[in-house]
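Chemist: Take a look at the following structure, please.
The values are calculated or read from the model by the stated rules, or taken from the named source; none is laboratory data. Being a predicted model, the structure only gives us computed values, none of them experimental. Note that each Cβ is placed from the backbone with ideal geometry, even for glycine, and that neighbours are counted across all protein chains shown. To get the accessible areas, we keep the full protein, side chains included, count just its heavy atoms, and leave off ligands, DNA and RNA. Shrake-Rupley method; radii C 1.70, N 1.55, O 1.52, S 1.80 Å.
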Amino acid sequence: IFSISTVKNSIGTVKVFSTVLNNKVFGVAGLTSKDAKNENMNIIIGKSKGFDKHPNKLPNTSEVELHLIVMKNSGVIIGAEIAGGVSVGEMINTISVAIQARLSIYDLFTYQLGTQPLLTSGPTVIPIMKSIENVIEQLN
């Protein structure tokens with residue numbers, strides 16, 4: 001009778017999907033830049049381009065382009081659009097978790113992400129982190 005239980009805190013569902021068209025993967029989480037602009041939200045879009053393996057001369061390496069949609073005043077992540085190779089699926093899932101957890105760019109930027117040459121971008125050029133850096137540059 002006197003036990004303590006956890007309280008669920010849910011913001012509902014986060015729109016998240018990825019698909020493949022002509023060997024290119026596309027992923028979206030949360031609001032797109034078009035959605036946010038249509039709602040007159042005060043946003044910044046952090047952009048990055050990079051590769052999903054390191055070094056980028058490895059076989060089956062794909063270019064990745066990421067647009068991170070962030071609220072200008074708070075830095076809260078509200079969406080992302082990514083295009084590239086198969087790594088897009090996991091990147092968009094990572095951003096979906098960040099949106100659902102209401103993380104800001106400052107929160108996510110301090111998280112540790114593992115890297116491995118055949119599976120990920122290099123540790124200094126992870127597309128999510130490069131997009132966050134781009135937002136911070138725009139704020140300064």
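Chemist: For region 38-49, state whether one or more residues are among the basic types (Lys, Arg), over 26 Å from Leu139 (Cβ atoms) and open to solvent by 10 Å² or more (accessible area, probe 1.4 Å). Lay out the reasoning, then the answer.
Modeler: Pass one, region 38-49, residues among the basic types (Lys, Arg): 47, 49.
Still in the list and also over 26 Å from Leu139 (Cβ atoms): none.
No, region 38-49 contains no residue that is among the basic types (Lys, Arg), over 26 Å from Leu139 (Cβ atoms) and open to solvent by 10 Å² or more (accessible area, probe 1.4 Å).
Chemist: Using the structure shown, decide if Val7 is at pLDDT below 95, over 21 Å from Ile126 (Cα atoms) and open to solvent by less than 90 Å² (accessible area, probe 1.4 Å). Before you say what the answer is, go through the steps one by one.
Modeler: Numbers: at pLDDT below 95: yes; over 21 Å from Ile126 (Cα atoms): yes; open to solvent by less than 90 Å² (accessible area, probe 1.4 Å): no.
No.
Chemist: What are the residues in region 88-108 that are of a type outside the set (Lys, Arg), open to solvent by 60 Å² or more (accessible area, probe 1.4 Å) and touching a residue at least 24 places away in the same chain (Cβ under 8 Å), if any?
Modeler: Selection gives Asn93, Gln100, Tyr106.
Chemist: Tell me which residues, restricted to region 101-137, are more than 15 Å from Val76 (Cα to Cα) and in a helix (DSSP H, G or I).
Modeler: Matches in region 101-137: Pro127, Lys130, Glu137.
Chemist: Let me ask you something else. If you check Ile136 against the conditions, is it of a type outside the set (Asp, Glu), within 29 Å of Gly12 (Cα to Cα) and surrounded by 17 or more Cβ atoms within 10 Å (Cβ to Cβ)?
Modeler: On the way: of a type outside the set (Asp, Glu): yes; within 29 Å of Gly12 (Cα to Cα): yes; surrounded by 17 or more Cβ atoms within 10 Å (Cβ to Cβ): no.
In short, no.
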